[in-house]
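Each remark here refers to the structure printed beneath this line.
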Amino acid sequence: MSSALYPLVPPFVAAVIFFSRIFMDFGSKFGLVDKPNERSSHTRIIPRVGGIALFVPYLLLGAGLYLNGFENLTLGVPYWCGLAVIVILGTIDDRLDLSSSLKFLIQFGVATFYILQSGNYVDNLYGLFGFGEIPEWLGITLSIITVVYLINAVNLIDGVDGLSAGTSLLSIGLLTTLMGGGEHYFSLAFIGLGLIVFMGFNFSDKRKIFLGDAGSLGLGFVLATLAMEFLHSGNNHIEHLNLNPVVVAVLILGYSIADTLRVFLIRLSLGLSPFHADKRHMHHVLLDKGFSHFGVTTFIMTVMAVLVLSNKFLAPRL
């Protein structure tokens, strides 16, 4: 990350803390709250404002850098516009509980806009299942579906304190590192620090807040766009890998991908909608086994890290 951005880090962190405190009252007054139900592990009303507190200063920072002609930032207009729409969608959903069909329609629109305007999409399977380069139409279609899937996958695992935030922080760190750091550390530095601040509130007893859909959907979009940039062959981010890049991306995003797919298949096998609310996610299973919220989050993050690192260092050199 450019040294010119270093002075912006402390005020950004201060802004996330400030907005978290302000939006606690804002969320309670305007209905941006999570009320306990039969699936909840909390027993009181909690403001769902963590995502707004994180992404409002992040989006303002991005807009300010863009308007001031900061040229060393790799994130482009499709990223910032797409993220803004997704965060707004999540905020409205937190308040009004929008229909799934409307949310999917908007998400597919945002994913299509990002893929077509940025040019970042999966255009090569790098030998996976015997396939190399794939047709442009197929790569774009698969990428749009993947972006929408990841946006919702991160949202669906957001059921335990720190889980979506912690796994997203780990995934952002791994993806940016594998892409060579540099300006890609922008997302890690600012979103990462914002997530650490959020987790401090999220694990608090007196000043607890949740991410809300604005936060989990926003994080899903950030991870999806990082994955698309990582996998597009023209960006040359994978030359130093000794593993298939698609496999690496799946490992890094593996928990949200696998847990969402597993729950979808179970629900479909029972004749239920894949979006039927229940307690079949892995974090629910671990909670039932006696894990604390912090224990669930640290356990899953540790498993993710071990899988990625063991595959990276134990795989034969290509």
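The values are calculated or read from the model by the stated rules, or taken from the named source; none is laboratory data. The structure presented is a predicted model; accordingly, all values stated were derived computationally and were not measured. As a convention, Cβ positions derive from the backbone with ideal geometry for all residues, glycine included, and neighbour counts pool all protein chains shown. For accessibility, only protein heavy atoms count, side chains too; no ligands or nucleic acids. Shrake-Rupley method; radii C 1.70, N 1.55, O 1.52, S 1.80 Å.
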Looking across the range 168-198 at residues that are open to solvent by 10 Å² or more (accessible area, probe 1.4 Å) and of a type in the set (Val, Ile, Thr), the single one that is modelled with the lowest pLDDT is THR177
Consider ASP158 against the criteria (1) buried (at least 22 other Cβ atoms within 10 Å of the Cβ); (2) free of Cβ contacts under 8 Å to residues at least 60 places away in the same chain; (3) assigned to a helix (DSSP H, G or I): it satisfies all of them except one. Which criterion is unmet? (3)
Go over the candidates ASN244, ASN202 one by one and state the one that is out of contact with any Gly (no Cβ under 6 Å at 6 or more places or on another chain) and either at negative phi or buried (at least 24 other Cβ atoms within 10 Å of the Cβ) (or both). ASN244
Here's a check for you: in the range 264-281, which residue that is touching a residue at least 24 places away in the same chain (Cβ under 8 Å) and either charged (D, E, K, R) or farther than 17 Å from GLY220 by Cβ (or both) is least open to solvent (accessible area, probe 1.4 Å)? ASP278
Unmet requirement for THR141, which otherwise passes all of (1) out of contact with any His (no Cβ under 7 Å at 6 or more places or on another chain); (2) within 17 Å of ALA258 (Cβ to Cβ); (3) among the β-branched types (Val, Ile, Thr): (2)
Which numbered condition LEU261 fails, given (1) in contact (Cβ under 8 Å) with a residue 24 or more places away in the chain; (2) under 20 Å from LEU223 (Cα atoms): (1)
Mind checking which residues of the range 91-106 are out of contact with any Gly (no Cβ under 6 Å at 6 or more places or on another chain) and touching a residue at least 60 places away in the same chain (Cβ under 8 Å)? THR91, ASP93, SER100
Would you confirm whether any residue within the range 154-166 is at pLDDT below 95 and polar (S, T, N, Q)? yes
With the range 213-318 as the region, which helices (runs of 4 or more DSSP H) entirely inside it contain at least 2 residues that are among the aromatic types (Phe, Trp, Tyr)? 254-269, 293-314
